[in-house]
Amino acid sequence: MNTRTQKYACVPKASDGYSKRVVHSRQEATSGTGGTLADTHEGKPGLPRGRSRLPAPEVQASQRERLLRAVVAAVAAADYAVVTVADIVRRARVSRAAFYAHFADKEACFLDAAREGGRLMDQRIVAATRGADPGTTDEAVLRVAVRGFLAFVTGEPEFAKIFYIDMPAAGPHATEQLARAQHRYADLNQTWHERARTRHPGWPTLPYDAYLALAGATAELVRGRVRAGQISAVPALEDTLVALHLAVMTGQPWPGGPAPSTGASVTETSR
């Protein structure tokens, strides 16, 4: 059996510009208590008023980045419904006029922040798989992807809270965006599985709904930990998620589980 694998070369790549701005922002503002996406300038000086030595595009980019981080921090600290534009601009240290120059309302700012965070999560998963050695097995690459995903969630606790807890309750536009994120995760699985099947023809063919079901199960397991305030327990889901994905996409039995006798149903073997 050929165990060499290709990495997720066809997975949609996140914006390089955004990831570079996040790195810059981490160096610029370190007042956050958790992840990079929630670093804010609350309690720090705002941008210079009046004529600035910074070019206008840089000022606008800085304002937008401050607002995106601020809405993540504000919603993570409370709930989406109670957060106001005033809360966001206070954390961002920009004016209300600057807010409305970038976003029509609180919802637009929130959805943009969630979208950008999702893109960065995709990019982290891709980077993790591309870093695997050329001879890494398909199964091992899947584990690397799962580990990268869980590491991102753990390292961005505020974003995890708004993504898994607040978005489902933030209105129809948020739920539609969350559904699109589920489909992106399903697409990751489908890409890996279809490429791996060229090397493992005995693996089952699957309908798209199977990939989507894996995305939903993964989200629910992570959501449960986040809702319970157990973000540090998220990495412990790695073995369960890998086993679940391999069971569905490769037909492998659950690790350590007893194999039913030939011709006997699971119900019969449990009697």
How do 158, 220, 238, 65 rank when sorted from fewest to most other Cβ atoms within 10 Å of their own Cβ? 220, 238, 65, 158
Using a 10 Å cut-off around each Cβ, can you sort 218, 154 from fewest to most neighbouring Cβ atoms? 154, 218
Burial ordering of 144, 72, fewest other beta-carbon atoms within 10 Å first: 144, 72
FRET efficiency for residue 59 and residue 213 from the Cβ-Cβ distance with R0 = 45 Å, rounded to 0.05, comes out at 0.50
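Diagonalise the Cα gyration tensor of region 175-218 and give the resulting equivalent ellipsoid semi-axes, square root of 5 times each eigenvalue, largest first, whole Å.
Numbers: eigenvalues 104, 17, 9 Å².
Listed largest to smallest, the semi-axes of region 175-218 are 23, 9, 7 Å.
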Quick one: Debye curve from the alpha-carbon atoms of region 103-148 only, equal weights, vacuum; give me log10 I(q)/I(0) at q = 0.17, 0.19, 0.25, 0.34 Å⁻¹ to two decimals. -0.56, -0.61, -0.81, -1.10
Let's test the formula: R0 of 25 Å, r as the Cβ-Cβ distance of residue 221 and residue 169. What FRET efficiency results, to the nearest 0.05? 0.85
Over region 46-205, what relative contact order in percent results from Cα pairs under 8 Å that are six or more residues apart? 22 percent
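Please find the FRET efficiency linking residue 115 to residue 233, where r is the Cβ-Cβ separation and R0 is fixed at 25 Å, and quote it to the nearest 0.05.
Efficiency, from the Cβ-Cβ distance: 0.40.
Readers should treat all values here as calculations from the given coordinates under stated rules, not as data from a laboratory. It should be emphasised that the depicted structure is a prediction, and the values quoted were computed from it without experimental measurement. Positions of Cβ are generated from backbone atoms using ideal geometry, with glycine treated the same way; all protein chains shown enter the neighbour counts.
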